[in-house]
Amino acid sequence: MKKILALLLAVVMLSGCAPTPTSTVELPKSFIAETDITVSETTYKVGLTRYGDGCWHAEVLEPLAVRGLTFDYDGGSVTPGYKGLSFTFDKSRFPAGAVVSTVVDSLDRLIPYPVDVIVGDEGLLASGEVGGESFAMSLTKAGIPERIEIGEMKVEFSTLNILEEEQ
């Protein structure tokens, strides 16, 4: 009888410890950020500017082999550029798994909606699914993203400055 009681008590205590959303935050709609995007063993330093829904400018800063590669997103089209050369094509034709495109698409899916967060001692935590991939995010107490893991990809924000939204 004591074993059953101890087991029931343990189950109740463990189920009571499961984190539940304690608040919601809205992510910044327009911002300039410097990020480190890690896929497998490769880390890309990318400057990201989000002007609004589907409108982005991204510039690869590292590694040196692709430094200066830019991507301008304008709704349904993307314009990659490198050393003065550029061309525009439909965003749906972008290769699946392209690093910058995956980050841009994932953030565009996350940003419009309030995110359920768990308030911790050092910041906020959120998790869920975006575009068929699981994500986990840590934010400052002010709701500024610090780190997002999307599937196997890790995005760390070294800086993020909020822009005033244009009307």
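List of remarks:
- Identity of the residue in region 45-80, touching a helix residue (DSSP H, G or I) at 6+ places or on another chain (Cβ under 7 Å) and loosely packed, with under 14 Cβ neighbours inside 10 Å, that ends up farthest from K91 (Cα to Cα): D53
- Looking only at residues in region 122-137 that are of a type in the set (G, A, S) and either closer than 20 Å to P28 by Cβ or at pLDDT 90 or above (or both), the one that is surrounded by the most Cβ atoms within 10 Å (Cβ to Cβ) is A126.
- As for region 85-99, it holds at least one residue that is in a strand (DSSP E or B) and exposed (fewer than 11 other Cβ atoms within 10 Å of the Cβ).
- Residues that are surrounded by fewer than 16 Cβ atoms within 10 Å (Cβ to Cβ) and out of contact with any Pro (no Cβ under 7 Å at 6 or more places or on another chain), drawn from region 22-31: T22, S23, K29
- Of the residues making up region 129-146, just one is among the β-branched types (V, I, T), free of Cβ contacts under 8 Å to residues at least 60 places away in the same chain and either under 20 Å from K45 (Cβ atoms) or assigned to a loop (DSSP other than H, G, I, E, B) (or both), namely T140.
- Among (1) farther than 15 Å from K29 by Cα; (2) crowded, with 18+ Cβ neighbours inside 10 Å; (3) not polar (S, T, N, Q) - the single one I144 does not satisfy: (1)
- Hits in region 50-88 - residues which are under 23 Å from T159 (Cα atoms) and in contact with a Cys (Cβ under 9 Å, 6 or more places away or on another chain): D72, Y73
- First in region 147-161 and within 17 Å of G128 (Cβ to Cβ) and of a type outside the set (G, A, S), second anywhere and at pLDDT below 95 and assigned to a loop (DSSP other than H, G, I, E, B), Cβ under 9 Å, 6 or more apart: I150/G131; E152/S40
The values are calculated or read from the model by the stated rules, or taken from the named source; none is laboratory data. Just so it is clear, the model here is predicted, and its values are computed rather than measured. Glycine gets a Cβ as well: all are built from the backbone with ideal geometry, and neighbour counts include every protein chain shown.
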